[in-house]
Amino acid sequence: MKKNIFLYLFVFAALIALYMVVNGGKMERQSIEEIQKLEKEVAQLKDSLQSSQLKILDNQYFSLENNDDALAYYDHLNLKNPTRYIEDKLLETNEKKGDNPLIPYEGMNSDFKINKIKVLNHKWILTDFSDGQYWGDLIIKYELKDDLSVDFTLVEHLLYTRSN
C-alpha cells in the first residue's frame with residue numbers, strides 16, 4: 001500500500017511538472033510577443049516624438065524668441081521678454097470701447113478684438129481677430145521705441161467670409 005501511495009505521488013508530481021513546463025513555454029511565447037509589440041509601439045512613439053519636435057522647431061522658426069538677430073535690436077532696452085511686452089502692448093488696444101482700432105472692419109456680431117498674436121521678428125506681427133462669429137487675420141508692422149512705447153501700423157488684413 002505504501003508503494004502505491006509513492007507511485008501515485010510520483011505520477012501526480014510528474015503531471016504537475018509536465019503542466020508547469022507546458023504552461024511555462026506558453027507564458028514565455030506570450031511574453032516574447034508582448035515585448036515585441038511594446039518595442040514596436042516604442043519605436044512608433046519615438047518617431048512620433050521626433051516628428052512633433054521637428055514641427056515645433058518649424059513653428060518656432062518665425063518667432064522673435066528664437067531670432068537672435070532680431071533680439072539684438074532690443075538689447076539696449078533691458079527687457080527680459082520683448083515678445084511678451086509687445087504682445088501686452090498690442091492687447092492693450094483691445095481695451096478701448098468698440099472695435100479694436102487696428103482692425104479695419106466693424107464687428108457684425110459684437111466688437112472685433114485681437115485674439116492670438118505671433119511676434120515674427122523685430123518688425124512684424126501676425127494676429128487673429130474675431131467678434132465671436134466672424135474672424136480674420138492681420139499683418140501689423142510695429143516699432144518698439146527707446147522709451148518703451150510701441151507704434152503699430154496695419155500692413156495687411158483679411159476677413160474670412162462665411163460659407164454656408
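The values are calculated or read from the model by the stated rules, or taken from the named source; none is laboratory data. Model, not experiment: these values are computed from the prediction. Note that we place each Cβ from the backbone using ideal geometry, even for glycine, and neighbour counts take in every protein chain shown. Ligands, DNA and RNA are excluded from the accessible area calculation, which covers all protein heavy atoms including side chains. Shrake-Rupley method; radii C 1.70, N 1.55, O 1.52, S 1.80 Å.
A few comments on the model shown:
- Phi-based couplings in Hz for segment 60-77 (Karplus 6.51, -1.76, 1.60; Gly and Pro marked x): 7, 4, 9, 8, 4, 4, 9, 10, 4, 5, 5, 5, 4, 5, 10, 4, 6, 8
- Excluding exposed DSSP-loop trypsin sites (Lys or Arg not before Pro) (at most 10 other C-beta within 10 Å), longest clean stretch of the chain: 1-79
- Volume per residue of the convex hull around the Cα atoms, evaluated for the chain, comes out as 280 Å³.
- Whole-percent carbon and sulfur share, accessible surface of segment 1-44, 1.4 Å: 69 percent
- For segment 56-112, relative contact order (Cα pairs under 8 Å, six or more residues apart, normalised by length) works out to 16 percent.
- Local electrostatic count at SER130 - Lys and Arg +1, Asp and Glu -1, tallied over other residues with Cβ under 12 Å: -3
- Counting only lysines at least 8 places from LYS37 when in the same chain, those with an alpha carbon closer than 23 Å to its own are LYS26, LYS46.
- For a straight C-alpha distance cut-off of 23 angstrom, the lysines reachable from LYS80 (same-chain residues fewer than eight places away being disregarded) are LYS89, LYS116, LYS118, LYS123, LYS141, LYS145.
- Surface share of carbon and sulfur [accessible, 1.4 angstrom probe, percent] for segment 83-131: 50 percent
- The chain, accessible area per residue, ligands and nucleic acids excluded (1.4 Å, Å²): 77 Å²
- Under 12 Å, Cβ to Cβ, from LYS118 - net charge with Lys/Arg +1 and Asp/Glu -1: -3
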